[in-house]
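The values are calculated or read from the model by the stated rules, or taken from the named source; none is laboratory data. Just so we're clear, the structure is a prediction, and the values are computed from it rather than from any experiment. FYI the Cβ positions are ideal-geometry reconstructions off the backbone, even for glycines, and counts take in every protein chain you see. In case anyone asks, the SASA skips ligands and DNA or RNA and just uses the protein heavy atoms, side chains included. Shrake-Rupley method; radii C 1.70, N 1.55, O 1.52, S 1.80 Å.
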Amino acid sequence: MKDKIRVGLVYGGKSGEHEVSLLTAMAVIQAFDMNKYEIQPFYITKQGEWRSGPMLNGPVPNVAALTFQDGAEQAQSFALQPFFASLQPGDKAAISSVASASPAVGGSSQQIDVVLPLLHGTFGEDGTIQGLLEMANIAYAGAGVLASSVGMDKIMMKKVFAQEGLPQCVFRHFTKTQWEKDQAFFLMEIEISIGYPCFVKPANLGSSVGISKAQNRDELIAAIQTAFQFDRKVIVEENIDAREVEVAVLGNDDPKASVVGEIVSSNEFYDYKAKYIDGKSSMVIPAEIPQELSDHIRELAIRAFQAVDGSGLSRVDFFLRKEDNLVYINEINTMPGFTPYSMYPLLWKETGKSYRQLLDDLITLALQRHAEKQRLQYSFDVE
C-alpha cells in the first residue's frame with residue numbers, strides 16, 4: 001500500500017497577518033483527508049522563531065473552538081505542544097528542519113514530500129519562504145519566488161499589469177526617502193493627477209493592513225505616515241465608485257478561473273475590520289452581473305495570473321465601476337485567505353470544487369511543478 005503523502009504545514013510568521021495565517025492553518029489541518037496525508041506542523045512565531053510539533057495523522061481536537069486574542073500565546077497551543085525544536089532567526093538549520101522532520105524536530109526521520117506554506121503577508125507571501133524552499137529543493141504549494149514577490153509588491157505588480165495591458169486606476173508611488181526629501185512635490189502630484197478622496201497603502205502588505213482613505217491634504221499626510229509604519233514604499237490610488245468583485249484562479253501553466261464573486265463591505269471600504277472582525281460584510285456568489293461581463297472578468301483574472309507567472313492558486317480582485325461597468329484590476333493575492341468561509345474556497349465551492357478537493361489539487365499541482373523542475377539542467381559542463 002502506498003505511503004501517505006507527508007505535508008509540512010508552515011504557518012504563523014513575522015507578519016501583520018500572523019493571526020490570519022493561524023485561522024487558515026486551523027481550517028486546513030481539519031480539512032485534510034488523513035487517509036491520504038499526514039501533517040508535520042511548523043509554526044513560526046512573530047519573532048521569526050521556528051517551532052515544530054509532532055506528526056499528525058488525524059484532526060486536532062477542538063481546534064475549531066480556539067480563538068486568537070493573543071496570537072503568539074494561543075498559537076503555541078494550536079501548534080501542538082510540546083515543541084521539540086526551536087530555531088532562531090538566521091539559523092541555517094531552518095532549511096534542513098523543513099526538509100526533513102528529523103528526530104531533533106519531530107520524532108521522525110522520514111522526509112517531507114511537500115510543504116504547504118500558509119503564510120500571509122511579509123516573509124510568507126513575498127517570495128522569501130519560497131526562496132528558502134527552492135534552495136532546499138523541496139516541493140511546495142502555491143506561487144513561486146517571482147510571482148510571490150511581484151504579487152506582494154503593489155508597485156511592481158501594477159507595472160507588470162500595465163505591461164500586460166490590464167486596465168487599472170491611476171496611481172502614484174514613492175519611497176520614504178523620496179517623501180522626506182520632497183513632500184511638497186508628491187502632494188502636488190497626487191492632488192493634480194488623482195485628487196480626493198484617494199487611498200493610501202503600504203506597497204508590501206495584505207489584508208488591508210495600513211490602508212487609509214484620505215479626503216483632504218491633512219488626512220493624506222496622516223495616511224502616508226501610517227503607511228510608512230509598515231513599509232518603506234507607499235502607493236496612492238484614485239478612488240473609484242465601484243463594486244468589488246473577485247475571481248479564484250487554480251492551476252499551473254493551464255490555469256482555470258472560478259465564478260465571479262462580489263464583496264459587499266460593512267465599512268466604507270473593505271478594510272481589516274470589515275474582513276475579519278465585525279462579521280457584517282457579505283459575499284454574493286456568483287456576483288449578479290451579466291454572463292458576458294463575468295466571462296470578461298474571468299479572462300482578465302487568468303491574464304493577471306499568467307502575467308506574474310503564477311502557479312498553484314491566486315485570488316484576483318477587481319473594481320467594477322458602477323456608472324458604466326468598466327472593469328479595473330485591483331490586485332492579485334498569491335496566498336489568499338483559505339478558511340472554508342474565505343472568498344477563495346467559496347468561489348470554488350460555487351464552481352463545483354469542495355474545500356478538501358482544493359487541498360488535493362494544490363498538493364498535486366505542487367508535486368507536478370516540482371517534478372518538472374527536477375528534469376531541468378542546472379549545470380553545464382564544457383567539453
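Go through the residues of the stretch 245-252 one by one and say whether even a single one is open to solvent by 10 Å² or more (accessible area, probe 1.4 Å) and either over 20 Å from the mean Cα position of the chain (by Cα) or among the basic types (Lys, Arg) (or both). No: the stretch 245-252 contains no residue that is open to solvent by 10 Å² or more (accessible area, probe 1.4 Å) and either over 20 Å from the mean Cα position of the chain (by Cα) or among the basic types (Lys, Arg) (or both). Against the test of being touching a helix residue (DSSP H, G or I) at 6+ places or on another chain (Cβ under 9 Å) and either touching a residue at least 12 places away in the same chain (Cβ under 8 Å) or among the aromatic types (Phe, Trp, Tyr) (or both), the options Ser354, Ser342 yield a single qualifying residue, Ser342.
Being open to solvent by 10 Å² or more (accessible area, probe 1.4 Å), over 17 Å from the mean Cα position of the chain (by Cα) and not basic (Lys, Arg) is a property that does not hold for Glu125.
If you take the residues in the stretch 35-45 that are out of contact with any Ser or Thr (no Cβ under 9 Å at 6 or more places or on another chain) and in contact (Cβ under 8 Å) with a residue 60 or more places away in the chain, which one is most open to solvent (accessible area, probe 1.4 Å)? Checking each candidate, the answer is Lys36. Tell me whether the stretch 53-63 contains one or more residues that are of a type outside the set (A, V, I, L, M) and modelled with pLDDT under 50. Yes, the conditions are met somewhere in the stretch 53-63. Sort out which residues of the stretch 162-197 are under 24 Å from the mean Cα position of the chain (by Cα) and free of Cβ contacts under 8 Å to residues at least 60 places away in the same chain, and write them in order of number. Once the filter is applied, which keeps residues that are under 24 Å from the mean Cα position of the chain (by Cα) and free of Cβ contacts under 8 Å to residues at least 60 places away in the same chain, the stretch 162-197 yields Ala162, Gly165, Thr175.
The set of residues in the stretch 213-242 being open to solvent by 30 Å² or more (accessible area, probe 1.4 Å), without any contact (Cβ under 8 Å) to a residue 60 or more places away in the chain and not in a loop (DSSP other than H, G, I, E, B) consists of Lys213, Arg217, Asp218, Glu219, Ile221, Ala222, Gln225, Thr226.
Within the stretch 154-186, the residues that satisfy the criterion of being of a type outside the set (A, V, I, L, M, F, W, C) and under 16 Å from Val316 (Cβ atoms) are Lys154, Lys158, Glu164, Gly165, Pro167, Gln168. For the residues Val150, Val145, the requirement of being open to solvent by 50 Å² or more (accessible area, probe 1.4 Å) and among the β-branched types (Val, Ile, Thr) singles out Val145.
To keep it simple, each residue is scored yes or no on (1) among the hydrophobic types (A, V, I, L, M, F, W, C); (2) surrounded by 14 or more Cβ atoms within 10 Å (Cβ to Cβ); (3) modelled with pLDDT of 80 or more.
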residue	(1), (2), (3)
Val10	yes, yes, yes
Ile29	yes, yes, yes
Asp33	no, no, yes
Leu80	yes, yes, no
Leu116	yes, yes, yes
